[in-house]
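This report refers to the structure that appears directly beneath it.
The values are calculated or read from the model by the stated rules, or taken from the named source; none is laboratory data. Values in this document were obtained by computation on a predicted structure and should not be read as measured data. Methodologically, a virtual Cβ is constructed for each residue, glycine included, from the backbone with ideal geometry; neighbour enumeration extends over all protein chains shown.
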Amino acid sequence: MGESVFRRQKGDGFARVGQPHLEPEQAEVYSKALRILNDTGIPYILAGAFALHTYTGLWRDTKDLDVFIKPSDLEKALRELAKAGFKVEIPEDHWLAKAWSEPYFVDLIFSMANGAIQFDDDWLKSERTAEIEGVHAPLIGLEQLIASKAFVAARDRFDGGDIAHVIRSVRGKVDWKRVGRILGPHRKILLWHFLFFDFVYPGHPDYLPQDLIQQMFEGIRRDWADPQAQSSECRGMLVDPFSFSADIRDWGYTDPRELRAYYKHGEPENGE
């Protein structure tokens with residue numbers, strides 16, 4: 001695959017109410033990639049801008065298509081996309097691959113960047129579909145969408161606004177127990193998003209799971225009172241490794257991430 005050609009290319013980043021708009025060439029690239037995945041039978045779910053639009057009605061210009069797949073299916077997906085003329089690469093071998101048809105590309109996401117969530121069959125369950133140029137694709141579930149955005153709070157990107165918009169748009173009708181199961185030991189981060197939502201939308205406290213929030217606060221109080229619960233971890237690494245690198249390098253905190261290389265790859269050449 002040669003030297004990485006990864007370049008983040010997006011529109012202005014502002015989401016507005018409206019229908020998805022794609023340039024003709026862009027729509028052709030996306031629908032071609034989805035058709036390949038459908039034809040191969042590889043389990044996947046569509047996320048990104050199309051998922052946000054489905055749940056909120058907001059559309060944000062994008063030059064990439066986000067697809068979540070299992071690590072075990074990545075090699076086959078890249079091979080088939082390469083055969084169809086896409087330029088494929090794996091810029092981050094523990095979570096992200098790309099299939100290019102310049103200037104557009106498909107992000108094949110096979111783990112969270114921080115290693116906190118693994119994609120399995122349950123994660124890929126879908127009850128809704130999206131359509132791009134006549135090609136139907138399984139859409140990420142509401143709870144998976146929230147969980148996938150919960151950790152995105154770095155210096156250059158914050159998805160808390162997306163989560164707040166989702167909660168508002170579905171009027172709080174979320175299976176929060178399922179979101180908590182997905183987040184596992186890191187479910188406490190939901191409390192941050194609940195408080196952020198309450199700050200942003202003070203008129204919608206009824207959209208929040210108030211009993212769950214109270215339970216979470218009580219759990220935190222118990223942790224504070226238990227010396228055995230103290231930890232040397234810096235969980236800031238789960239949201240922004242750039243900002244919190246000094247904590248690990250200089251202050252002696254431990255890094256809670258598990259950045260194993262889930263996919264050991266060869267390099268299939270385009271068109272073969």
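Listing for the model above:
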quantity	calculated
Helices (runs of 4 or more DSSP H) enclosed by the range 113-203 - at least 2 residues per element that are polar (S, T, N, Q) and crowded, with 19+ Cβ neighbours inside 10 Å	142-149
Residue selected from the range 89-110 under the condition among the β-branched types (Val, Ile, Thr) and under 19 Å from GLN144 (Cβ atoms), by the criterion surrounded by the fewest Cβ atoms within 10 Å (Cβ to Cβ)	ILE109
Filtered residue count, the range 216-239, keeping only those that are of a type in the set (A, V, I, L, M) and either free of Cβ contacts under 8 Å to residues at least 24 places away in the same chain or not in a helix (DSSP H, G or I) (or both)	3
Filtered residue count, the range 240-272, keeping only those that are at pLDDT 90 or above and either part of a loop (DSSP other than H, G, I, E, B) or surrounded by fewer than 15 Cβ atoms within 10 Å (Cβ to Cβ) (or both)	15
From GLY141, GLY180, GLY219, GLY134, residue being closer than 17 Å to ALA49 by Cβ and not acidic (Asp, Glu)	GLY141
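Residue-wise test of (1) modelled with pLDDT of 95 or more; (2) over 29 Å from PRO241 (Cα atoms).
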residue	(1), (2)
ASP61	no, no
VAL67	yes, no
LEU78	yes, no
LEU81	yes, yes
ALA84	yes, yes
ILE90	yes, no
ALA97	yes, no
VAL106	yes, no
SER111	no, no
